[in-house]
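Step one of this worksheet: look at the structure below.
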Amino acid sequence: MEETPQVKELSGEARAAAAAYEIISEKFGDAITPLDANPTMPFFEVTDAERWLEIALFMRDNPHLRFTYLACLSGMDYPDEGKLGIVCNLESLGEHDHRLAVKVRCDRDNAVIPTVARVWKTAEWHEREAYDMYGITFSNHPDLRRILCPEDWEGWPLRKDYKVQESYHGIQVPY
C-alpha cells in the first residue's frame with residue numbers, strides 16, 4: 001500500500017499507526033474521527049458506538065492490520081459532556097508491530113457499548129472492570145457482573161460524581 005504525504009511526514013510508531021489508520025478509515029471513515037497521531041499513543045474515536053464490534057473485528061482480521069492483542073481497556077468518565085467511554089490500547093504483536101488506541105463513548109444515562117470479548121478474550125475481564133467501576137453495560141457480554149466490588153455495592157466508584165456510601169452491611173466505609 002502506498003503511503004500518503006501525511007503518513008510520510010511522520011516517523012516511527014506514529015507512522016505505522018497512521019498507515020494502519022488509513023486502512024481502517026477507508027472502510028469506516030463515516031464512523032470514526034480523524035487520527036490524533038501524537039507520539040505517545042496515536043488514537044481515533046469511534047463516533048457510532050453501535051459499530052464498535054464491526055470495527056474491532058476488521059482491525060483484528062484484516063491481514064494488513066492484525067491487531068491481535070488488547071493490552072488494556074480502561075473506562076472513562078466525561079461528566080461535562082454527559083458521556084462515559086472506554087479507551088482500548090491495541091497492538092499487532094509479532095506481525096506488523098503497530099499500535100493504536102481506540103476510544104468509544106456512550107451516553108451517561110444509557111451507558112451501553114457492544115462487547116468485544118469474542119474479538120479479544122482479555123476484553124472479558126477489562127469490560128467487567130469498566131462495568132463495575134463506571135456502570136458501562138457491554139451488550140452481549142458473556143459474564144457481565146461486578147469483578148472488584150460486591151454484587152450489592154451501590155453506585156459506580158470511579159465516576160467523578162460518585163458519593164461514597166457511609167456503610168456497607170453495618171460496616172463503616174472508610175473515606
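None of the figures in this text is laboratory data; all of them are computed from the coordinates on show. Just so we're clear, the structure is a prediction, and the values are computed from it rather than from any experiment. A quick note on method: Cβ atoms are made from the backbone with ideal geometry, for glycine too, and the neighbour counts reach across all protein chains shown.
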- Residue-span extension gain [residue 158 to residue 71] - 0.36 nm each, minus C-alpha spacing: 29.3 nm
- Here region 36-47 yields Karplus 3J(HN,Hα) values (6.51, -1.76, 1.60; θ = phi - 60°; whole Hz; Gly and Pro given as x) of 9, 8, 4, x, 6, 7, x, 8, 9, 10, 7, 8
- Item | Residue order, fewest to most surrounding Cβ atoms within 10 angstrom, among 67, 28, 44 | 28, 44, 67
- Can you count the Lys pairs in the chain with C-alpha separation below 22 Å, eight or more apart or on different chains? 7
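Fully extended, how many nm does the chain gain between residue 23 and residue 168 (0.36 nm per residue separation, minus their Cα-Cα distance)?
That works out to 47.2 nm of additional length.
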- Query: To the nearest 10 degrees, how steep is helix 52-61 against the longest Cα principal axis of the chain, on a 0 to 90 scale?
  - Reply: 50
- Item | J(HN,Hα) series, region 68-82, from Karplus relation 6.51 cos²θ - 1.76 cosθ + 1.60, nearest Hz, glycine and proline x | 9, 10, 8, 6, 7, 9, 10, x, 9, 10, 10, x, 5, 9, x
- Note on the structure: Across all Cα atoms of region 69-160, Rg and the largest Cα-Cα distance (Dmax), in Å, are 13.4, 44
- What is the order of 139, 74, 92, fewest Cβ neighbours within 10 Å to most? 139, 74, 92
- Compute the longest continuous run of the chain that contains no exposed GluC sites (Glu not before Pro); treat a site as exposed when its DSSP state is not H, G, I, E or B and it has at most 10 other Cβ atoms within 10 Å. 3-150
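What is region 5-172's relative contact order, in percent, from Cα pairs under 8 angstrom and six or more apart in sequence?
Here the relative contact order equals 16 percent.
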- Sort 25, 167 so the one with the fewest other Cβ atoms within 10 Å of its own Cβ comes first. 167, 25
- Task: Name the long-range amide H neighbours of residue 112: under 5 Å, sequence gap of 5 or more, or other chain; modelled H, no Pro or chain starts.
- Result: 107, 137
- Task: Just the Kirkwood number for the chain, please: inverse of mean 1/r across all distinct Cα pairs, in Å, one decimal.
- Result: 17.2
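Can you check what the Kirkwood hydrodynamic radius comes to for region 25-111, Cα pairs only, in Å to one decimal?
Details: mean 1/r = 0.0742 Å⁻¹.
Final number for the Kirkwood radius of region 25-111 is 13.5 Å.
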